[in-house]
Amino acid sequence: MSAIRGQLRPSRRQIRRFSSEILADFQIGKTLSLNTFTPFGSENPEGLIVPTSPPPLTLWNKILGRTGIAWFCVAAIGQTAFILFIASYYGVRTAAGNYAGWNDKSLIKGHVPGDDAGNLMFALHVLLAAVMTFTGLIQLVPVLRRKFPNLHRWSGRLFLVLACFLALGGLWLTWGRDTYLSLVSAVSVSLNAVLILVCAAYTLRFALARRFADHQRWAMRLFMVANGVWFIRVGLMGWILINQSPRWMNSTMSGPADIVISYGSYLIPLAVLELYSAARRSRSVPAKAAASLLVAGATVFTGIGILGASMFLWF
């Protein structure tokens, strides 16, 4: 009997090993279960493996992060399609000198004979939008940021400069060239431009001050508002496909749905980003769950809008 007790009594080495494993588990946020290492060499008496469930906070944190990744993947596909459309449609026609061909698609004011300044600004505005969209996507790919820091820095600088140039160009095209359908849509474009310039200023300010956490937050805000021209197309087509008609819309972009989508093309993505970021920082399970559902819904709507835009606007 004493020999059996001696075999069951844990040694100091086993106790130290078990204690260190407990500390390691809690340090990396894991929990222990019945099928973890036991210091006495015993097993589950029934030979069953009892599965472990992560704490609700950890689980919802993972779900929230994955919904964010899912949205980005869907958006990246849509933005790539947008870039390809600009290159294949406007890029090819511009390179061939077929400026009048810009008007083959419905535009508020594309090529105007004799308006050299307006035509030049329109061409720069459209073609550089593809470059800005591409450099913005580069900013959000973590592996590129880690492995190619110089690419991240220089593409980020180019994105910021182009965002500001396109914001100012958009203001000139709207008010200097009268490129708008209604006063409501013109004010929406102007507010978008102001938000782009504000976000760009703070993004640059915190980068120069080497406050990188604040810099990253404002860079994400800049990404959302700078892509308002993409979001509005996705939003319009998502709404039309879901309703199977242009419900509450009109030809001057001043209907109830037009107004919501026009202003919402940058305010809604910005609001979703803020809620997502707040939920990531929060220790509240309901907050993380609600944000996960919100981002999941946004992902579905974005996918529908991209499908509609690709089929009816771009290709």
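The values are calculated or read from the model by the stated rules, or taken from the named source; none is laboratory data. All figures in this text were calculated on a predicted structure; none of them were measured in a lab. Here Cβ is always computed from backbone atoms with ideal geometry, including for glycine, and neighbour counts include all displayed protein chains.
Summary of values
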| read-out | value |
| --- | --- |
| Single condition residue 296 does not satisfy, out of (1) under 13 Å from the mean Cα position of the chain (by Cα); (2) closer than 21 Å to residue 195 by Cβ; (3) of a type in the set (Gly, Ala, Ser) | (2) |
| Criterion (closer than 17 Å to residue 71 by Cα, modelled with pLDDT of 95 or more and in a helix (DSSP H, G or I)) met by exactly one of 219, 291 | 291 |
| Unmet criterion (only one of (1) among the charged types (D, E, K, R); (2) over 26 Å from residue 215 (Cα atoms); (3) touching a His at 6+ places or on another chain (Cβ under 7 Å)) for residue 145 | (2) |
| Residue list for segment 95-127, restricted to those being in a helix (DSSP H, G or I), within 31 Å of the chain's Cα centre (by Cα) and buried (at least 17 other Cβ atoms within 10 Å of the Cβ) | 102, 121, 122, 123, 125, 126 |
| Residue count for segment 290-313, restricted to those that are out of contact with any Pro (no Cβ under 9 Å at 6 or more places or on another chain) and over 11 Å from residue 78 (Cα atoms) | 14 |
| Residue pairs meeting the criteria (Cβ under 7 Å; at least 6 apart or on separate chains; first without any contact (Cβ under 8 Å) to a residue 12 or more places away in the chain, in segment 111-125; second of a type outside the set (D, E, K, R)) | 112/118; 112/119 |
| Qualifying position, being closer than 23 Å to residue 79 by Cα and either of a type outside the set (D, E, K, R) or without any contact (Cβ under 8 Å) to a residue 24 or more places away in the chain (or both), among 207, 213, 200 | 200 |
| Answer from 232, 196, 304, 259 - the residue that is within 18 Å of the chain's Cα centre (by Cα), assigned to a helix (DSSP H, G or I) and surrounded by fewer than 19 Cβ atoms within 10 Å (Cβ to Cβ) | 304 |
| Count - residues of segment 276-293 that are within 15 Å of the chain's Cα centre (by Cα) and buried (at least 17 other Cβ atoms within 10 Å of the Cβ) | 3 |
| Cβ-Cβ under 8 Å pairs, at least 6 apart or on other chains, segment 65-89 side under 12 Å from residue 314 (Cα atoms), far side among the charged types (D, E, K, R) and crowded, with 16+ Cβ neighbours inside 10 Å | 82/233 |
| Residue match in segment 160-170 (condition: part of a loop (DSSP other than H, G, I, E, B) and either exposed (fewer than 15 other Cβ atoms within 10 Å of the Cβ) or in contact with a Lys or Arg (Cβ under 8 Å, 6 or more places away or on another chain) (or both)) | no |
